[in-house]
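Working notes, beginning with the structure itself.
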Amino acid sequence: MNIHHIAIWTAKLEEMRNFYCTYFNGISNKKYVNLTKGFESYFIRFEEGTSIELMSRKDINDGIVGEHWGYCHLAFSLASKAEVRELTEILRNDDYQIVGEPRVTGDGYFESVVLDVDYNRIELVFEL
């Protein structure tokens, strides 16, 4: 069994779509809009694996920023330590907050952690 998609509520739908398409080579579908519910969404698909559903609805309030129950992080697998370092620096230079500098983890990964537009944690990982 595989994870099909991860859903994220956002008040910044277009910015989030651009973030995942620009930095992680995501491919977006056409925006789905339900006028009755005030709901809009995009599915972002990647070359392999899980998709992300970005969702916005008029009656969703601002959430808590930082660690909390629910969504924790997305992890994107990269091909090398060099790619982890390179993408980390690209994101830093584009003013995204790096909350975990590139490092070797105790469970056998080389990773860094960046926050997306809504401060969701994104891990960039290379399996050693």
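For this structure, a couple of remarks:
- Wholly enclosed strands (runs of 3 or more DSSP E) of region 13-128 bearing at least 1 residues over 20 Å from residue 2 (Cα atoms): 32-34, 39-45, 51-57, 98-104, 109-115, 121-127
- Unmet criterion (only one of (1) surrounded by 14 or more Cβ atoms within 10 Å (Cβ to Cβ); (2) of a type outside the set (Ser, Thr, Tyr); (3) modelled with pLDDT under 95; (4) assigned by TED's automatic domain parsing to the domain that holds residue 122) for residue 79: (1)
The values are calculated or read from the model by the stated rules, or taken from the named source; none is laboratory data. These numbers were taken from a predicted model, which means no experiment stands behind them. Positions of Cβ are backbone-derived with ideal geometry, glycine not excepted, and every protein chain shown enters the neighbour counts.
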